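Student: Have a look at this one.
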Amino acid sequence: MDFKLGDKEQTLVNSIAEFAREELPLNWIGTRLIDQECPDFEFEVFMSRRLAQKGWLVMSWPKEYGGQGASHLEQTVYEMEISYWGIPGAGMGISGTQWVGPILMMLGTEGQKRKYLPLIASGGRDGYWCTGYSEPSAGSDLASMQTRAVRQGDHYVINGQKVWTSSAHNARWCWLMTKTDANATKKHRGLTLFIVDMKSLGITVRPLPNYYGRHHFNEVFFDDVKVPAENLVGEENRGWYHLMQALAFERRSLGPMMAGSFRRLLENIIQHCKETQYEGKPLSENTIIRHRLAEMAIDVEVLKMFAFQFTWRLTQGAVPVYEASRNKVTSDEIMRRFATSAADILGAYSQADPDSTLAKIKGRIQGAYLGFPGNMIAAGTSEVEKSIIAQFKLGLPKSY
Amino acid sequence: MDYSLSEQQEMLKKSARDFLSSESPKSLVRQMATDEKGFPPQLYRKMADLGWLGLNFPEKYGGTGASFLDLAVLLEEIGRACLPGPFFTSTVLAGMTILKLGSDSQRHELLPQIASGQTVITLATTEPESGYNPDKLKTKASTEGTNYLITGTKIMAPYAHVANFLICTAKTTTGITLFLVDSNTPGIKLTPLKTIASDKQFEVVFNKVKVPKKNILGKEGKGQAQLQQVLLKAAVAKCAEMVGGAQQVLEMTVDYVKERKQFGVPVGSFQAVQHHCANMLTDIDTSRFLTYQAAWKISEGLPFAKDASMAKAWVSDAYKRVTKLGHQCIGGVSLIEDHDMPLFSKRAKAAELTLGDSDYHRELVAQGLSL
Amino acid sequence: MDFSFTEEEEAFRQEVRQWLTKEIPQRWYELNTGYWEETDESWAVSRDFHRKLGERGWLAPAFPRKYGGAEMSTTKRFILSQELAHHRAPVGVEVEEAVNWVGPAILMFGSGEQKQKYIPAIARGDIVFCIGYSEPNAGSDLASLQTRATEVSDGYIINGQKIWTTIAHYADYCWLATRTDPTVSKHRGISMLVVDMRTPGITVRPLINILGHHSFNEVFFDDVHVPKDSLIGQKNQGWYQLAAALDFERSSFIVDAFADRTIEELVQYAKETECRGKPLAKDPLIRQELAQAVIENQICRMMSCRLVSIYAKGKHPNVEASMSFLTITNLTKRMMNVGMRITGLYGLLEKDSCWAVLNGEISRLYLTAASVGVGGGTTEIQRNIIALRGLGLPLK
């Protein structure tokens, strides 16, 4: 058993810290947890390029695709540290680095790899992605999606609608799941994955402001959108299985990112407690607050341990399906507890709009507070994840 | 980064599990609750033969020389089995106290005796009004020639009735001092306390009990500060025991809900039940990781105080949650004395309160955050 | 909307208080018997007290006067129940079952003769019932019960087994759910019978509970021959009677009053006990816990009052009973947590241990808390009822 980082990883931690101090604006407190991308897109792209230049953006990819062949552990440490510092741009949208690249490396054609991987690896605007999975009628029951892709000669014609498509307004490409076989005996067996150029004719992106007025999500409408056949990823009608793999990659990164972000947020809130007086003494000397902070610290430790354990399982060659669900559910629960406790600590200030001058810690606590309900639903609701844990890990029978 | 046990640790775990499932079945555990001694001596002799009673003592003191991490692995299995008896108080608590604070001759004299099973030692340090903090300690030790005379009352001293020695804290002129008291010394009165977990706790009243100066453990007047480190390590050891218990609770629950049918289907197919089970599993993972990280740091000689408190604060609550969900999923049958579940839910409560509850440890964590 | 009691009702409360202070025997307090801890002596003392209550018409105050009740208004009945609980009177599950669950069911569904036979006897405190519902294979899925009552010319022959039957070893009668028609769907073949526990063929086998006490039992029926008039209401309509009885069961008025008293004791304890140089009552964490307990206690009371209000209008609560039942569960668990938090290590000590505090009530609470979300319908079942009947959510 061993819980320490090696020299390589420690060096990486230090390098990222240095990078952050040099590259980030003064008093930069990081992206808010509710924002899936930085509010300033230009700055985000700029940072993507810088991360690419440092060799970090796709560090765990093989060298032939522009990576460094870095280990799982280094990748995890990198994700934790950039989240800690709030460095934007690592995802290349939703998400070129986390799942699009890795899936293409796994089952893309040579042509696809040659075209898209360098775009992602370079950190440029043309490497930015959005992902089209959910539809108005297909949320948790994703396989019942309706967006149709019909083969016509050397291309497919796509009609339908996606929803909750984060960053569609900034993305160059869409990682799109469609239904290609309406007659499939099992709905999972009729789905296909495509790469769609967001500049294609027939695509309409309509902003979907969320419940606190921010624009992250969109509805994306596809009206007779023509997609070249060579944009089909993997095998026709096997898209569901590719999606499962992509989801596994998606859940992989969540753990380290949350661990890093919350480590930072904990420091922020502790600092706030030391600086803020209440009934004649700093908040940090108030018993109840001390206990809340201690609970938050333990939660942050748990996030870290879960992330590293997941990584360790990868190094063992495992496919950590259970741990992915466990980490997702736990991160969301911890975010809820943390945000709620921190909001309590902020007191009246917790109602300030994140962008208001009244907001403490640049509104990051409100961000977490407003964001956690969505997190508990997105990318697999807590209920679904717990059922997966029960059925997959504990062998309990299927339920609905 | 490595979350696995070593091959030897895996072997220890397996052999401990096999041994305990045959030698300390739940029927024995239930029996021992009403047994006067509270544990079967022949079982303890076998444990001595296996080297468990001195597992983490250095070999020169008759121990097995294993690490604290190894001890944690064994304790998980002990927690799973709900092993009755003074193992924790004697080997873990008293053993570590003597290891850390004892003089060379005290270590040479006592540790081999604990390891061989010849001697049982327990701690009698908690007082009626002192909570987990000893500032309000009332037990006094006055001098009389080359001896001390100890007068005071202690409560929650486990297995005091079978202990050959009691390690006791008392105030001398210079501060709090640790004394090794021969339990045969006149003036000691034991009264059993009836506890939920039937864990043989005692009130110990000292009435001018004569203790020779040479029986001081560690430095006079510095007892509490020295004991603090030991108590934190013991708290981590207790967490390992709790994790083992929680794991067994989950397995018991899952096995049951797969079999038990209502409305024509296994109750384990109801979402609410599945979610309870998932919550239990997550609580066990978190508890295990925090515990083992702290245990590893102790083994590696790294600073461990904050990790120890994090673990104890968390696991104290988590184990209780797991047993409650276990009862809830299994339902009526888990609420009879004959069922195994009450063994765990009662122990969960006792364990929470041993060596500092969540509130106590959260305050330590807060201090560790330099608030 | 009105949350107050009238002057007359308050005067009644005082009358009850005075009477209880005088009439509850000191021996009862010495015995310190909690729920599910009945002994022969505690049973004898309680039964004596029931008869005294019965003489005053206060044992079954809601029963019609002609059957020995007082036709007491629901509000007054509420006050009486609360005061009994607050004084920790010797009125336990045996009274709950007979007076509040079985009695009302017989009044609703029984024949004139049956009412005449049982109701006055319940009201006098002469008879108590045990409840024969659950079976080893019929817990949450109660309707799947199998204990068979086969109709014969002069009655029924009963064969089967019940489990978790509290006080079966003391009860005079069993309120028994049986299957009279195994050929129809499970809910439609159930009949409720009242069975004399002295009938040959009944075997009561003790089960020791988590507190180490004999309170509930397994009850075996081997060719138990009962007369025709054992049947309450219509044959094969028993599920509806049982469901009604369950709603009554879930309409308890007493838990918050019980908790009131415990909170008082805990507050007193916190004020008197010092830890690290100051009273526990000054510890911010303890204050928060106590405050939370008081709030949840109040919620529980308001839920009970809502039931009172429904009964007072002559209606029958269903969803509201489940909701009230849930808050009772939460309150009990909260009380357990608060008690444990405040008493610390002492909370582990059982009632006759030296150093035990508050008569060992906290350790008892800890052990019984586990059963609170299970008996009478698990919390999951209660939530299903609330979702299905209260919110109209669809059945799977």
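The values are calculated or read from the model by the stated rules, or taken from the named source; none is laboratory data. Since we're looking at a predicted model, the values are computed, not measured. Because the Cβ atoms are built from the backbone with ideal geometry, glycine has one as well, and the counts that use them run over all protein chains shown.
Student: For A:Glu279, all conditions in the list (1) at the interface with chain B (Cβ under 9 Å from one of its Cβ atoms); (2) surrounded by fewer than 21 Cβ atoms within 10 Å (Cβ to Cβ); (3) of a type outside the set (S, T, N, Q) hold save one; what is the number of the exception?
Tutor: It fails just one condition, (1).
Student: Within the range C:200-246, can you find the residues that are surrounded by fewer than 23 Cβ atoms within 10 Å (Cβ to Cβ), of a type in the set (Phe, Trp, Tyr) and closer than 20 Å to C:Gln161 by Cα?
Tutor: Those that are surrounded by fewer than 23 Cβ atoms within 10 Å (Cβ to Cβ), of a type in the set (Phe, Trp, Tyr) and closer than 20 Å to C:Gln161 by Cα: C:Phe220, C:Trp239.
Student: I'd like to check something: does the range B:3-15 contain any residue that is away from every other protein chain (no Cβ under 14 Å) and crowded, with 21+ Cβ neighbours inside 10 Å?
Tutor: Going residue by residue through the range B:3-15, those that are away from every other protein chain (no Cβ under 14 Å) are B:11, B:14-15.
Checking which are crowded, with 21+ Cβ neighbours inside 10 Å leaves us with none.
No: the range B:3-15 contains no residue that is away from every other protein chain (no Cβ under 14 Å) and crowded, with 21+ Cβ neighbours inside 10 Å.
Student: May I pose another question? Where in the range C:115-198 are the strands (runs of 3 or more DSSP E), entirely inside, with at least 1 residues that are surrounded by fewer than 20 Cβ atoms within 10 Å (Cβ to Cβ) and more than 14 Å from chain B (Cβ to nearest Cβ)? Step through it out loud before you land on a result.
Tutor: Details: elements: C:129-132, C:148-152, C:155-166, C:173-179, C:190-196.
The strands (runs of 3 or more DSSP E) meeting that bar are C:148-152, C:155-166, C:190-196.
Condition check ((1) at pLDDT 90 or above; (2) farther than 22 Å from C:Met336 by Cβ) across all residues:
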site	(1), (2)
C:Val224	yes, yes
C:Gly233	yes, yes
C:Asn236	yes, yes
C:Ser252	no, no
C:Asp256	no, no
C:Arg261	no, no
C:Gln268	yes, no
C:Arg276	no, yes
C:Leu280	yes, no
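Student: Would you confirm, using the coordinates I've provided, whether C:Phe258 is assigned by TED's automatic domain parsing to the domain that holds C:Tyr366, surrounded by 23 or more Cβ atoms within 10 Å (Cβ to Cβ), under 15 Å from the mean Cα position of the chain (by Cα) and not small (Gly, Ala, Ser)? Write out each step before concluding.
Tutor: Details: assigned by TED's automatic domain parsing to the domain that holds C:Tyr366: yes; surrounded by 23 or more Cβ atoms within 10 Å (Cβ to Cβ): no; under 15 Å from the mean Cα position of the chain (by Cα): yes; not small (Gly, Ala, Ser): yes.
In short, no.
Student: Of the conditions (1) of a type in the set (A, V, I, L, M); (2) in a helix (DSSP H, G or I); (3) touching a helix residue (DSSP H, G or I) at 6+ places or on another chain (Cβ under 6 Å), C:Val267 fails just one. Which one is it?
Tutor: (3)
Student: A further question follows. Take the range C:358-374 and flag every residue that is of a type outside the set (A, V, I, L, M, F, W, C) and more than 7 Å from chain B (Cβ to nearest Cβ). If you could, list the steps in order and put the result at the bottom.
Tutor: Residues of the range C:358-374 that are of a type outside the set (A, V, I, L, M, F, W, C), as a first pass: C:359-361, C:363-364, C:366, C:368, C:371, C:373.
Residues satisfying the conditions are C:Asn359, C:Gly360, C:Glu361, C:Arg364, C:Thr368.
Student: If you take the residues of the range A:292-329 that are aromatic (Phe, Trp, Tyr) and at the interface with chain B (Cβ under 9 Å from one of its Cβ atoms), which of them is farthest from the chain's Cα centre (by Cα)?
Tutor: If we filter the range A:292-329 for residues that are aromatic (Phe, Trp, Tyr), which is where we start, we get A:306, A:308, A:310, A:312, A:322.
Narrowing further to those that are at the interface with chain B (Cβ under 9 Å from one of its Cβ atoms): A:306, A:308, A:312, A:322.
Values: A:Phe306: 17, A:Phe308: 17, A:Trp312: 20, A:Tyr322: 18 Å.
It comes out as A:Trp312.
Student: Scan the range B:16-39 and tell me whether some residue there is crowded, with 17+ Cβ neighbours inside 10 Å, touching a residue at least 40 places away in the same chain (Cβ under 8 Å) and within 14 Å of chain A (Cβ to nearest Cβ).
Tutor: No, every residue in the range B:16-39 fails to be crowded, with 17+ Cβ neighbours inside 10 Å, touching a residue at least 40 places away in the same chain (Cβ under 8 Å) and within 14 Å of chain A (Cβ to nearest Cβ).
Student: How many residues are out of contact with any helix residue (DSSP H, G or I) (no Cβ under 7 Å at 6 or more places or on another chain) and basic (Lys, Arg) if we restrict to the range C:332-382?
Tutor: Going through the range C:332-382 one residue at a time, the tally reaches 1.
Student: Inspect the range B:60-74 for any residue being over 19 Å from the mean Cα position of the chain (by Cα) and closer than 30 Å to A:Leu5 by Cβ and give the result as yes or no.
Tutor: Yes, the range B:60-74 contains at least one residue that is over 19 Å from the mean Cα position of the chain (by Cα) and closer than 30 Å to A:Leu5 by Cβ.
Student: Which one is surrounded by the fewest Cβ atoms within 10 Å (Cβ to Cβ) among residues in the range C:88-114 that are in contact (Cβ under 8 Å) with a residue 60 or more places away in the chain and outside any helix (DSSP H, G or I)? Steps first, please.
Tutor: Filtering the range C:88-114 down to residues in contact (Cβ under 8 Å) with a residue 60 or more places away in the chain leaves C:88-90, C:93-94, C:96-97, C:100-102, C:104-106, C:108-111, C:113-114.
If we keep only those that are outside any helix (DSSP H, G or I) as well, we get C:88-90, C:110-111.
Numbers: C:Arg88: 20, C:Ala89: 20, C:Pro90: 26, C:Gly110: 23, C:Ser111: 13.
Top of the filtered list is C:Ser111.
Student: Would you mention how many residues in the range A:304-320 are touching a Phe, Trp or Tyr at 6+ places or on another chain (Cβ under 6 Å) and in a helix (DSSP H, G or I)? Don't jump to the end; show me each part of the working.
Tutor: First, the residues of the range A:304-320 that are touching a Phe, Trp or Tyr at 6+ places or on another chain (Cβ under 6 Å): A:305, A:309, A:312, A:320.
Now restrict to residues that are in a helix (DSSP H, G or I): A:305, A:309, A:312.
Within the range A:304-320, residues that are touching a Phe, Trp or Tyr at 6+ places or on another chain (Cβ under 6 Å) and in a helix (DSSP H, G or I) number 3.
Residue-wise test of (1) under 18 Å from B:Thr89 (Cα atoms); (2) in a loop (DSSP other than H, G, I, E, B).
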residue: B:Ser22; (1), (2): no, no
residue: B:Leu28; (1), (2): no, no
residue: B:Met32; (1), (2): yes, no
residue: B:Arg45; (1), (2): yes, no
residue: B:Lys60; (1), (2): no, no
residue: B:Gly63; (1), (2): yes, yes
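Student: Within the group B:Leu335, B:Leu343, B:Leu325, which residue is more than 17 Å from B:Cys82 (Cβ to Cβ), more than 7 Å from chain C (Cβ to nearest Cβ) and not small (Gly, Ala, Ser)?
Tutor: Among B:Leu335, B:Leu343, B:Leu325, only B:Leu325 is more than 17 Å from B:Cys82 (Cβ to Cβ), more than 7 Å from chain C (Cβ to nearest Cβ) and not small (Gly, Ala, Ser).
Student: Something else now. Would you say C:Leu31 is closer than 25 Å to C:Met302 by Cβ, in contact with an Asp or Glu (Cβ under 8 Å, 6 or more places away or on another chain) and either surrounded by 15 or more Cβ atoms within 10 Å (Cβ to Cβ) or not aliphatic (A, V, I, L, M) (or both)?
Tutor: Details: closer than 25 Å to C:Met302 by Cβ: no; in contact with an Asp or Glu (Cβ under 8 Å, 6 or more places away or on another chain): yes; either surrounded by 15 or more Cβ atoms within 10 Å (Cβ to Cβ) or not aliphatic (A, V, I, L, M) (or both): yes.
Taking the combined requirement at face value, the residue does not satisfy it.
Student: Inspect the range B:203-220 for any residue being under 30 Å from B:Pro342 (Cα atoms), touching a residue at least 60 places away in the same chain (Cβ under 8 Å) and not charged (D, E, K, R) and give the result as yes or no. If you could, list the steps in order and put the result at the bottom.
Tutor: Residues of the range B:203-220 that are under 30 Å from B:Pro342 (Cα atoms), as a first pass: B:203-204.
Remaining after also requiring touching a residue at least 60 places away in the same chain (Cβ under 8 Å): B:204.
Applying the additional criterion that residues be not charged (D, E, K, R) yields B:204.
Checking the range B:203-220: at least one residue is under 30 Å from B:Pro342 (Cα atoms), touching a residue at least 60 places away in the same chain (Cβ under 8 Å) and not charged (D, E, K, R).
Student: Further, regarding this structure: Keeping to the range B:324-338, report how many residues are under 24 Å from the mean Cα position of the chain (by Cα) and crowded, with 19+ Cβ neighbours inside 10 Å.
Tutor: Here the count works out to 4.
Student: Conditions first: (1) within 14 Å of chain B (Cβ to nearest Cβ); (2) within 17 Å of A:Leu254 (Cβ to Cβ). A:Lys8 passes all but one, so which condition is the exception?
Tutor: (2)
Student: Within the range A:265-273, is there a residue that is touching a residue at least 12 places away in the same chain (Cβ under 8 Å), more than 14 Å from chain B (Cβ to nearest Cβ) and buried (at least 24 other Cβ atoms within 10 Å of the Cβ)?
Tutor: First pass over the range A:265-273, keeping only residues touching a residue at least 12 places away in the same chain (Cβ under 8 Å): A:265-266, A:268-270, A:272-273.
Now restrict to residues that are more than 14 Å from chain B (Cβ to nearest Cβ): none.
Looking for residues that are touching a residue at least 12 places away in the same chain (Cβ under 8 Å), more than 14 Å from chain B (Cβ to nearest Cβ) and buried (at least 24 other Cβ atoms within 10 Å of the Cβ), one finds none in the range A:265-273, hence no.
Student: Let me ask something additional. What's the total number of residues in the range B:346-371 that are touching a residue at least 60 places away in the same chain (Cβ under 8 Å) and more than 14 Å from chain A (Cβ to nearest Cβ)?
Tutor: Number of matching residues: 8.
Student: Are any of the residues in the range C:304-318 more than 14 Å from chain A (Cβ to nearest Cβ) and touching a Gly at 6+ places or on another chain (Cβ under 9 Å)?
Tutor: From the range C:304-318, those more than 14 Å from chain A (Cβ to nearest Cβ) are C:304-318; that's our starting set.
If we keep only those that are touching a Gly at 6+ places or on another chain (Cβ under 9 Å) as well, we get C:318.
Within the range C:304-318, one or more residues are more than 14 Å from chain A (Cβ to nearest Cβ) and touching a Gly at 6+ places or on another chain (Cβ under 9 Å).
Student: Now, a different point. Give the range A:257-297 a look and list any residue that's under 15 Å from A:Ala343 (Cα atoms) and either in contact with a strand residue (DSSP E or B) (Cβ under 6 Å, 6 or more places away or on another chain) or not in a helix (DSSP H, G or I) (or both), or say none.
Tutor: Once the filter is applied, which keeps residues that are under 15 Å from A:Ala343 (Cα atoms) and either in contact with a strand residue (DSSP E or B) (Cβ under 6 Å, 6 or more places away or on another chain) or not in a helix (DSSP H, G or I) (or both), the range A:257-297 yields only A:Thr276.
Student: So, one more: Criterion first (within 20 Å of the chain's Cα centre (by Cα), of a type in the set (Val, Ile, Thr) and either surrounded by 24 or more Cβ atoms within 10 Å (Cβ to Cβ) or within 14 Å of chain C (Cβ to nearest Cβ) (or both)) does B:Ile155 satisfy it? Talk me through it step by step, then tell me what you get.
Tutor: Working: within 20 Å of the chain's Cα centre (by Cα): yes; of a type in the set (Val, Ile, Thr): yes; either surrounded by 24 or more Cβ atoms within 10 Å (Cβ to Cβ) or within 14 Å of chain C (Cβ to nearest Cβ) (or both): yes.
Here the answer is yes, as B:Ile155 does meet what is asked.
Student: Of everything in the range C:207-245, what is hydrophobic (A, V, I, L, M, F, W, C), in a strand (DSSP E or B) and away from chain B (no Cβ under 14 Å)? Give them in sequence order. Walk me through it before giving the result.
Tutor: Step one: list which residues in the range C:207-245 are hydrophobic (A, V, I, L, M, F, W, C), which gives C:207-208, C:210-211, C:216, C:219-221, C:224, C:226, C:231-232, C:239, C:242-245.
Pick out the ones that are also in a strand (DSSP E or B) and you get C:207-208, C:216, C:219-221, C:224, C:226, C:231-232.
C:Val219, C:Phe220, C:Phe221, C:Val224, C:Val226, C:Leu231, C:Ile232, listed by residue number.
Student: Need at least 2 residues that are in contact with a strand residue (DSSP E or B) (Cβ under 9 Å, 6 or more places away or on another chain) and within 12 Å of another protein chain (Cβ to nearest Cβ) per element, so show me which strands (runs of 3 or more DSSP E) inside the range B:166-273 make the cut, counting only ones lying wholly within it.
Tutor: B:188-193, B:201-212
Student: When the range B:9-31 is examined, which residues are found to be over 22 Å from B:Ala295 (Cβ atoms) and of a type in the set (Ser, Thr, Tyr)?
Tutor: Our first condition is that a residue be over 22 Å from B:Ala295 (Cβ atoms); within the range B:9-31, this holds for B:18, B:21-31.
Across the range B:9-31, the qualifying residues are B:Ser21, B:Ser22, B:Ser24, B:Ser27.
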